[in-house]
Amino acid sequence: MNDVLDTIHVNVEYFTGFEEGDDDVGYPYYVAACQEIVAVTEGKTWGELMQNIHEMIAAHLEGEDTVELYHLTPNPRIKIN
């Protein structure tokens, strides 16, 4: 049986330079990915990223039965790693 969790874990990576094949990407930028739900976002600043994370999670969970679909409480906490 799966326990209902109260936290969404978000992994953040910070990119400072060009990767091979990324000639059109503006640097630096952050990328965030949730572990419990399939959702990814990015931002050029930390503040923009935090806003985008909250908007992404709210949009992804809106109107969903979070307990049934993701084993998450209806208003989960967000933990940034």
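Could you list, in sequence order, the residues of segment 23-81 that are free of Cβ contacts under 8 Å to residues at least 40 places away in the same chain, part of a strand (DSSP E or B), β-branched (Val, Ile, Thr) and out of contact with any Ser or Thr (no Cβ under 9 Å at 6 or more places or on another chain)? Passing the criteria: Val40, Thr41. In this structure, Glu62 does satisfy being acidic (Asp, Glu), surrounded by fewer than 17 Cβ atoms within 10 Å (Cβ to Cβ) and out of contact with any strand residue (DSSP E or B) (no Cβ under 9 Å at 6 or more places or on another chain). Restricting segment 17-39 to residues that are aliphatic (A, V, I, L, M) and surrounded by 11 or more Cβ atoms within 10 Å (Cβ to Cβ), the residue that is modelled with the lowest pLDDT is Val25.
The values are calculated or read from the model by the stated rules, or taken from the named source; none is laboratory data. For clarity, every value in this text was computed on a predicted model and none was experimentally measured. So basically every Cβ, Gly included, is an ideal-geometry build from the backbone, and we count neighbours across all protein chains shown.
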